[in-house]
Amino acid sequence: MRKLIIAFLLFSGFIFAQGPNSTGKIRYDKKAELIKQLHDDYANNNFELFETILADDATIYLGSTQKYTKKQLIEGFKSHHVLYKNISWGWLNTETATYKSGDKWTMSWGLWKGEGNYTGTANEIPGHYAYKWEGDKIVTAMYFYDPTSLNTEVSAMTNSSIDYGYEAVYSSSWKIGNPANSKIVLDIQKAAETNNFDQALSLIHPDIIINNADGSTMAGIEVFKSAFEGYMKENKFKINPMAWMSVVNENGEEWVLLWTEETITASDGSISSYYAHEGFKIVDGKVIQVNQFHQPKLK
């Protein structure tokens with residue numbers, strides 16, 4: 001999962017304009033000095049200060065509305081040192097602002113530098129960063145960035161000249177996809193757990209194809225209705241998603257990979273449990289293909 005995270009965790013910015021809520025108190029203080037040290041430590045692959053001053057429940061924004069955790073942030077930043085060498089700051093400025101609400105933010109602006117380990121490209125990328133304080137802890141960190149270099153480096157790492165001994169029949173070139181696609185697939189799982197067939201159906205493409213775990217194939221929305229409407233309404237489902245990821249291949253095909261632990265209780269009280277791995281192809285916001293693999297759980 002680490003590779004999934006790192007594509008969102010590089011250079012960033014936060015434009016913080018002094019507006020009517022500002023007290024006008026902007027200065028280089030101890031908090032600004034701490035943030036400068038935080039960035040210098042990052043460049044040296046040292047994350048002890050991150051562990052200390054970031055609250056355990058800190059909210060992290062990385063160029064989008066999606067929230068990340070303290071752990072994800074640190075793991076992602078550590079991954080930069082796998083992708084790049086000679087990480088440093090060309091220049092770095094920090095300052096702290098206090099607002100009428102009492103909110104205190106430290107902002108920083110810097111020129112990130114690093115050489116790709118897989119592309120050999122030297123990069124200089126300006127970034128902006130902002131940290132909200134509560135006492136001596138950072139409770140919110142905001143990062144906005146152009147991820148082009150990072151995405152390129154991740155792709156080069158994935159497709160580096162390693163002799164795997166095999167050639168992929170379908171595709172060996174995958175990149176991180178749209179996280180919203182994973183939400184589509186997880187909403188279908190939730191619809192099954194709540195016996196809401198109509199909700200599940202709304203997320204299925206009319207040209208649906210399902211390659212079942214037993215080797216059989218279903219095709220078309222009417223076949224899907226016939227096979228699953230009664231089944232979904234009459235049985236009770238307990239689904240525990242263990243991992244999921246959104247990916248896209250070199251042809252632009254979008255997929256979601258999902259690993260689950262599932263228990264199904266039939267109307268007669270019989271119970272079946274299994275582990276499942278499924279691939280969901282997404283087209284126009286709907287699932288158009290499913291590839292299923294199941295393994296029964298040992299009693």
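The values are calculated or read from the model by the stated rules, or taken from the named source; none is laboratory data. What you see is a predicted model, and the numbers here were worked out from it, not measured in a lab. In this analysis, Cβ positions are derived from the backbone assuming ideal geometry, glycine residues included, and neighbour counts consider all displayed protein chains.
Restrict the check to region 233-243 and report whether at least one residue is among the aromatic types (Phe, Trp, Tyr) and modelled with pLDDT under 95. Walk me through it before giving the result.
Residues of region 233-243 among the aromatic types (Phe, Trp, Tyr): 237.
Filter once more, keeping what is modelled with pLDDT under 95: 237.
Yes: region 233-243 contains one or more residues that are among the aromatic types (Phe, Trp, Tyr) and modelled with pLDDT under 95.
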message: Which of the numbered conditions does Gly252 fail, given that it passes all the others? Conditions: (1) in contact with an Asp or Glu (Cβ under 8 Å, 6 or more places away or on another chain); (2) closer than 24 Å to Thr158 by Cβ.
response: (1)
- request: Output the residues belonging to region 112-154 that are of a type in the set (Gly, Ala, Ser), touching a Ser or Thr at 6+ places or on another chain (Cβ under 9 Å) and closer than 22 Å to Tyr68 by Cα.
  value: Gly127, Ala130, Ala141, Ser149
- prompt: Do the conditions hold for Thr52, that is, is it at pLDDT 95 or above and in the same structural domain as Asn117 (by TED's automatic domain parsing)?
  reply: yes
query: Among the numbered criteria (1) in a loop (DSSP other than H, G, I, E, B); (2) within 30 Å of Ala43 (Cβ to Cβ), which single criterion is violated by Ala141?
result: (1)
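Tally the residues that are in a strand (DSSP E or B) and either more than 20 Å from Val185 (Cα to Cα) or of a type in the set (Asp, Glu) (or both), restricting the search to region 274-294. Let's see the steps before the verdict.
Initial filter on region 274-294 (in a strand (DSSP E or B)): 274-283, 286-294.
Narrowing further to those that are either more than 20 Å from Val185 (Cα to Cα) or of a type in the set (Asp, Glu) (or both): 278.
The total comes to 1.
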- prompt: How many of the residues in region 79-97 are farther than 12 Å from Lys113 by Cα, surrounded by fewer than 18 Cβ atoms within 10 Å (Cβ to Cβ) and either of a type in the set (S, T, N, Q) or not assigned by TED's automatic domain parsing to the domain that holds Ile35 (or both)?
  reply: 1
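Looking at Gly76, Gly120, Gly102, Gly127 in this structure, which one is in a strand (DSSP E or B) and assigned by TED's automatic domain parsing to the domain that holds Met142? Reasoning before the result, please.
Values: Gly76 fails: in a strand (DSSP E or B); Gly120 fails: in a strand (DSSP E or B); Gly102 fails: in a strand (DSSP E or B).
Among Gly76, Gly120, Gly102, Gly127, only Gly127 is in a strand (DSSP E or B) and assigned by TED's automatic domain parsing to the domain that holds Met142.
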- prompt: For the subset of region 15-48 comprising residues that are farther than 23 Å from Gly90 by Cα and out of contact with any strand residue (DSSP E or B) (no Cβ under 8 Å at 6 or more places or on another chain), which member is modelled with the highest pLDDT?
  reply: Gly24
- request: Filter region 275-289 for residues that are crowded, with 16+ Cβ neighbours inside 10 Å and within 18 Å of Lys238 (Cβ to Cβ) and give the result.
  value: Ala276, His277, Glu278
task: Being touching a residue at least 40 places away in the same chain (Cβ under 8 Å) and surrounded by fewer than 16 Cβ atoms within 10 Å (Cβ to Cβ) narrows it down to one of Ser226, Ser149, Ser173, so name that one.
output: Ser173
- request: Among the residues of region 189-237, write down those that are more than 29 Å from the chain's Cα centre (by Cα), part of a loop (DSSP other than H, G, I, E, B) and either farther than 17 Å from Gln289 by Cβ or not small (Gly, Ala, Ser) (or both).
  value: Asp214, Asn235
query: Being surrounded by fewer than 20 Cβ atoms within 10 Å (Cβ to Cβ), within 25 Å of the chain's Cα centre (by Cα) and aliphatic (A, V, I, L, M), is that true of even one residue in region 112-135?
result: no
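Specify which of the listed residues (Trp259, Trp255) is within 24 Å of Pro206 (Cβ to Cβ) and either part of a loop (DSSP other than H, G, I, E, B) or out of contact with any helix residue (DSSP H, G or I) (no Cβ under 6 Å at 6 or more places or on another chain) (or both). Walk me through how you get there before you give the answer.
Numbers: Trp259 fails: within 24 Å of Pro206 (Cβ to Cβ).
Of Trp259, Trp255, the one residue that is within 24 Å of Pro206 (Cβ to Cβ) and either part of a loop (DSSP other than H, G, I, E, B) or out of contact with any helix residue (DSSP H, G or I) (no Cβ under 6 Å at 6 or more places or on another chain) (or both) is Trp255.
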